[in-house]
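Where a number appears in this text, it was derived from the coordinates with a stated rule and is not lab data. Please read these numbers as outputs of a predicted model, since none were measured by experiment. Cβ placement follows ideal geometry from the backbone for every residue including glycine, while neighbour counts extend to all protein chains displayed.
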Amino acid sequence: MPYPSHWQDVEGAPPPGTALCQASDIAEGQAHVATFRDGSLLFEMFVLRPPATAGVGADAGGLIAYVNDCPHARTPLDWQAGQFLTADRTRIQCATHGAEFRFEDGLCVHGPCPGARLTRVPIAVRDGTVFIAGG
């Protein structure tokens, strides 16, 4: 199966408007992993608050979100539950083969899949709760 370019093309993806977590629960440089099951289908994504030193924009309230799936290995990115950053905290890193992705657009800039991108999930924050945004 080809790597999806849109989050809604991933089997088992929840609909827009789905609540994910409280924004205040995600510390700088940390992530919240959201897992959804629909029968045998599994959809996993993460909401990340990049380090302030990264100097990147984010979708909502300083947060960004991606499908938790490496475009090269098609495996989860986190090397421990909810741990996605390189040792120097400058990029998202895949635990399987060490591919590194930019925060701002998910572009692979180091590793086995240069030019590939993570699949972004649009988010919004309302009353402190992070939701999947439309589209």
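State the answer as a single residue: which of 19, 41, 90 lies farthest towards the positive end of the charge dipole of the stretch 7-132, with beta carbon charges of +1 for Lys and Arg and -1 for Asp and Glu, about the Cα centre. It is 90, whose Cα lies furthest towards the positive end. Taking the Kirkwood radius as the inverse of the mean 1/r across Cα pairs, report the Rg/Rh of the chain. So for the chain, dividing Rg by the Kirkwood Rh gives 0.93.
Its Cα centre serving as origin, the chain has a Cβ charge dipole (Lys and Arg +1, Asp and Glu -1) of approximately 140 debye. Most fluctuating residue of 13, 65, 87 in a GNM of the chain with Cα springs under 10 Å: which is it? Top of the fluctuation ranking is 87.
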